[in-house]
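Down below is the structure, laid out as structure tokens.
The values are calculated or read from the model by the stated rules, or taken from the named source; none is laboratory data. Small disclaimer: the values here were computed from a predicted structure and weren't measured. Note that we place each Cβ from the backbone using ideal geometry, even for glycine, and neighbour counts take in every protein chain shown. What goes into the accessible areas is simple: the full protein's heavy atoms, side chains included, and nothing from ligands, DNA or RNA. Shrake-Rupley method; radii C 1.70, N 1.55, O 1.52, S 1.80 Å.
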Protein chains: 2
Amino acid sequence: MRVAIPVFDQLTALDAVGPYEVLSRLPDTEVVWVGQDHGPIRTDEGMGIVADATFAELTDPEVLVFPGGFGTRRLMRDDEVLDWVRQVHTTSRYTTSVCTGSLVLGAAGLLEGLAATTHWSVLPKLAELGAVPVTERVVEQGKIITAAGVSSGIDMALTLAAHLTDETTARAIQLQIEYDPQPPFDSGRATTVSADVLERAAELAER
Amino acid sequence: MRVAIPVFDQLTALDAVGPYEVLSRLPDTEVVWVGQDHGPIRTDEGMGIVADATFAELTDPEVLVFPGGFGTRRLMRDDEVLDWVRQVHTTSRYTTSVCTGSLVLGAAGLLEGLAATTHWSVLPKLAELGAVPVTERVVEQGKIITAAGVSSGIDMALTLAAHLTDETTARAIQLQIEYDPQPPFDSGRATTVSADVLERAAELAER
């Protein structure tokens, strides 16, 4: 089985690497990093990740995981990328996204009339793309699965791993990556954090 | 502030990218990917991550985050790497590790007599390196902080972010990465999973 993860400048690294760390451990599975060109892209904080195939070279992966990041704003108007997403979706077993990756699926017309989620800060944008925004961490609509912001891709990928194989295998991968989360703070949900945390998050985003 | 994350062949990607996604968002902070040479390394599942500096080029980062993976077995006998770790530790504000990265800190002699943790599957190895193995997710001993397996680096980095700045900033980063974990299964802890999950995890590790 092949899993395609698109990479592009201003990608958010964890959006991609959370699902990668889960799905690359599935038996007989190859995760392919796909980009507009071969070679490194730079994430929104400067990390270099290597694209090993071009969009033209891989059009029929069984699974698509579209990550987010500021770079998706550009991709939402990129016909090469949107055509590729539409083509992949015609034969994929699962078409999935993390964070603002769902805005690219939406721009490609895949989310019309479907419930979907994205990063909390841009949730209303999904409605502009014809989807029904939902404040859940992982939203399944048939073979389309969207996940909320950044770290939610880990939860999504474990759900997906169980669909692709079986629950025991998904649980074994959860154990391998020791995913027994113990955040030191309870501050991961926009609807329940304090005003000063929301304000600081906005300040950090403006750097 | 500069944060150094060493990269090497057979690194586990999420060990590095979890902390990266948190620490790269701190104000006035640069995360530098450090390797034996400039250019891409390949993680244990084949992902290409670019090293942007060599060990010789960055010897005084304020923070060290040493990730794990099978590649650490080789690094534990690599005098260039161990000397670098010792040198960095003399001036660092924090010397930290994720997963089997703590075995490299141990091999460098940094954990002598200290409580420390690592991936559950190799916890006893810490004792051979002079440390006191602890089954906790994040273990702080002065400026040395060790985290358990793979995904635990996210929890460690949020704790570290609060030390380096303040709790509001750490909470704001948690919100930005929407770290409100909702694993679909409760299977991330070796001491509580069922025997079939442990067996499947061992099978997957042997691929």
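The table that follows gives values for the structure above.
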read-out: Qualifying positions in segment B:191-207 - assigned to a loop (DSSP other than H, G, I, E, B), closer than 17 Å to B:Val150 by Cβ and open to solvent by 30 Å² or more (accessible area, probe 1.4 Å); value: B:Thr191, B:Arg207
read-out: Residue check for B:Val32: surrounded by fewer than 18 Cβ atoms within 10 Å (Cβ to Cβ), touching a strand residue (DSSP E or B) at 6+ places or on another chain (Cβ under 9 Å), of a type in the set (A, V, I, L, M, F, W, C) and within 14 Å of another protein chain (Cβ to nearest Cβ); value: yes
read-out: Matching residues in segment B:158-175 - criterion: being of a type outside the set (Gly, Ala, Ser), open to solvent by less than 20 Å² (accessible area, probe 1.4 Å) and under 19 Å from A:Thr191 (Cα atoms); value: B:Thr169, B:Ile173, B:Gln174, B:Leu175
read-out: Answer from B:Leu110, B:Leu105, B:Leu114 - the residue that is aliphatic (A, V, I, L, M) and open to solvent by less than 10 Å² (accessible area, probe 1.4 Å); value: B:Leu105
read-out: Residue in segment B:121-135 that is touching an Asp or Glu at 6+ places or on another chain (Cβ under 8 Å), within 19 Å of B:Gly188 (Cβ to Cβ) and within 12 Å of another protein chain (Cβ to nearest Cβ) present; value: no
read-out: Residues of segment B:36-90 satisfying the condition of being among the acidic types (Asp, Glu) and touching an Asp or Glu at 6+ places or on another chain (Cβ under 9 Å); value: B:Asp44, B:Glu45
read-out: Qualifying position, being over 18 Å from B:Ala4 (Cβ atoms) and in contact with a Phe, Trp or Tyr (Cβ under 7 Å, 6 or more places away or on another chain), among B:Asp44, B:Asp52; value: B:Asp44
read-out: Long-range neighbours under 8 Å by Cβ, at least six apart or interchain, first residue of a type in the set (Gly, Ala, Ser) within segment A:131-144, second buried (at least 22 other Cβ atoms within 10 Å of the Cβ); value: A:Ala131/A:Ser102; A:Ala131/A:Gly106; A:Ala131/A:Leu111; A:Ala131/A:Ala116
read-out: Filtered residues of segment B:117-151 (kept if crowded, with 24+ Cβ neighbours inside 10 Å and among the small types (Gly, Ala, Ser)); value: B:Ala131, B:Ala147, B:Ala148, B:Gly149, B:Ser151
read-out: Among (1) part of a loop (DSSP other than H, G, I, E, B); (2) of a type outside the set (Ser, Thr, Tyr); (3) open to solvent by 40 Å² or more (accessible area, probe 1.4 Å); (4) touching a helix residue (DSSP H, G or I) at 6+ places or on another chain (Cβ under 7 Å), the one test that A:Gly188 misses; value: (3)
read-out: Residue check for A:Thr100: in contact with a Leu (Cβ under 7 Å, 6 or more places away or on another chain), within 14 Å of another protein chain (Cβ to nearest Cβ), under 30 Å from A:Leu175 (Cα atoms) and open to solvent by 10 Å² or more (accessible area, probe 1.4 Å); value: no
read-out: Neighbours by Cβ (under 6 Å, 6+ apart or cross-chain): first from segment B:93-122, within 16 Å of B:Thr12 (Cα to Cα); second at pLDDT below 95 and open to solvent by 10 Å² or more (accessible area, probe 1.4 Å); value: B:Trp120/B:Ala190
read-out: Counted residues, segment A:155-172 - those being closer than 12 Å to A:Val22 by Cβ, at the interface with chain B (Cβ under 7 Å from one of its Cβ atoms) and among the β-branched types (Val, Ile, Thr); value: 2
read-out: Residues being modelled with pLDDT of 95 or more and in contact with a Phe, Trp or Tyr (Cβ under 7 Å, 6 or more places away or on another chain) - total across segment A:177-206; value: 3
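Table: residues versus (1) charged (D, E, K, R); (2) open to solvent by 10 Å² or more (accessible area, probe 1.4 Å); (3) without any contact (Cβ under 8 Å) to a residue 24 or more places away in the chain.
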{"residue": "A:Asp15", "(1), (2), (3)": "yes, no, no"}
{"residue": "A:Asp28", "(1), (2), (3)": "yes, yes, no"}
{"residue": "A:Glu45", "(1), (2), (3)": "yes, yes, no"}
{"residue": "A:Gly48", "(1), (2), (3)": "no, no, yes"}
